[in-house]
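Engineer: The structure's right below; bear with me while I get my questions together.
The values are calculated or read from the model by the stated rules, or taken from the named source; none is laboratory data. These figures come from a predicted structure and were not determined experimentally. Cβ sites come from the backbone with ideal geometry, for glycine too, and all protein chains shown count toward neighbours. Calculation scope for accessible area: heavy atoms of the full protein, side chains included, ligands and nucleic acids excluded. Shrake-Rupley method; radii C 1.70, N 1.55, O 1.52, S 1.80 Å.
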Amino acid sequence: MFDVVGIGLNAVDYLVGVPRFPVPGEKLRMSSFAREGGGQVASALVALSRWGFRCKYVGNVGDDEHGRLSSLLLSREGVDLAHVRTVPGASSQFAVILVEEGTGERTILWDRDPKIRVSPEDLPLDDIRRARALLLDGHDVPPAILAARTARAAGVPVVLDAEKVQEGTEELLSLCDHIVAAGHFPGCSSPEPRRKMAPGRSCAVMHPGRPR
């Protein structure tokens, strides 16, 4: 049994520290540089694993350097990868992130191959039913909805790290017990979605652009 099953993004992030954001056409010296594992769900599971929780990650990677590195970093942190699928011929997600010194404001340039989307068939439904919590980011909506329905039917609380709205997001929101939303996400800032949330559910809004 896992404490947390997480379904969503993993990535390799190239973190570029800058003294200020550059203007068009300018050359600006970096103040720092690092290559690290990223992705909303993957990052959260690493933190939970470091705190002693048993975590399982569900997602896909390409058969490239970024995919191998992402899987290696998660494995080193003790996250279970039995349901990580390597997609032949696909590129793994990566991002170049400019971080302004002093303010922590960030600009993210990213790429994700559609071939690494998670599908409902990828889900370990029995592990979800036996988990203590389910963590989603909602980027691939159909499997997120199925996972949330499965968890709720088994009495497992569902946590959503919400960032963008797409077809099916409203239904997914209604299936979640706790929502942590980016500042630009409208689901927690408008009165209507709040009225649709069941009593006892929670919603927190993160400041836009700040590291999470």
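Engineer: Just to be sure I understand, how many residues within the range 1-51 are within 15 Å of residue 108 (Cβ to Cβ) and among the aromatic types (Phe, Trp, Tyr)?
Structural biologist: 2
Rundown of residues vs (1) in contact with a strand residue (DSSP E or B) (Cβ under 9 Å, 6 or more places away or on another chain); (2) in contact (Cβ under 8 Å) with a residue 12 or more places away in the chain; (3) not aliphatic (A, V, I, L, M), yes/no style:
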{"position": "55", "(1), (2), (3)": "yes, yes, yes"}
{"position": "62", "(1), (2), (3)": "yes, yes, yes"}
{"position": "66", "(1), (2), (3)": "yes, yes, yes"}
{"position": "69", "(1), (2), (3)": "yes, yes, no"}
{"position": "80", "(1), (2), (3)": "yes, yes, yes"}
{"position": "96", "(1), (2), (3)": "yes, yes, no"}
{"position": "114", "(1), (2), (3)": "no, no, yes"}
{"position": "121", "(1), (2), (3)": "no, no, yes"}
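Engineer: State whether one or more residues within the range 12-23 are open to solvent by less than 50 Å² (accessible area, probe 1.4 Å) and part of a loop (DSSP other than H, G, I, E, B).
Structural biologist: Looking through the range 12-23, none of the residues is open to solvent by less than 50 Å² (accessible area, probe 1.4 Å) and part of a loop (DSSP other than H, G, I, E, B).
Engineer: Is it true that residue 5 is aliphatic (A, V, I, L, M), touching a residue at least 40 places away in the same chain (Cβ under 8 Å), surrounded by 21 or more Cβ atoms within 10 Å (Cβ to Cβ) and not in a loop (DSSP other than H, G, I, E, B)?
Structural biologist: On the way: aliphatic (A, V, I, L, M): yes; touching a residue at least 40 places away in the same chain (Cβ under 8 Å): yes; surrounded by 21 or more Cβ atoms within 10 Å (Cβ to Cβ): yes; not in a loop (DSSP other than H, G, I, E, B): yes.
For residue 5, the condition - aliphatic (A, V, I, L, M), touching a residue at least 40 places away in the same chain (Cβ under 8 Å), surrounded by 21 or more Cβ atoms within 10 Å (Cβ to Cβ) and not in a loop (DSSP other than H, G, I, E, B) - is met.
Engineer: Right, another one. Please determine whether any residue of the range 29-40 is in contact (Cβ under 8 Å) with a residue 12 or more places away in the chain, in a helix (DSSP H, G or I) and among the basic types (Lys, Arg).
Structural biologist: Step one: filter the range 29-40 for residues in contact (Cβ under 8 Å) with a residue 12 or more places away in the chain, giving 30-40.
With the extra rule that they be in a helix (DSSP H, G or I), the set shrinks to 40.
Within this subset, residues satisfying the condition of being among the basic types (Lys, Arg) are none.
There is no residue in the range 29-40 that is in contact (Cβ under 8 Å) with a residue 12 or more places away in the chain, in a helix (DSSP H, G or I) and among the basic types (Lys, Arg).
Engineer: Can you tell which of 149, 132 is within 16 Å of residue 177 (Cβ to Cβ), over 17 Å from the mean Cα position of the chain (by Cα) and in contact (Cβ under 8 Å) with a residue 60 or more places away in the chain? So that I can check it myself, show each step before the final result.
Structural biologist: On the way: 149 fails: in contact (Cβ under 8 Å) with a residue 60 or more places away in the chain.
On inspection, the qualifying residue turns out to be 132.
Engineer: Just one of the numbered conditions (1) β-branched (Val, Ile, Thr); (2) crowded, with 17+ Cβ neighbours inside 10 Å; (3) in a loop (DSSP other than H, G, I, E, B) is not true of residue 46; which one?
Structural biologist: In the conditions (1) β-branched (Val, Ile, Thr); (2) crowded, with 17+ Cβ neighbours inside 10 Å; (3) in a loop (DSSP other than H, G, I, E, B), residue 46 misses (3) alone.
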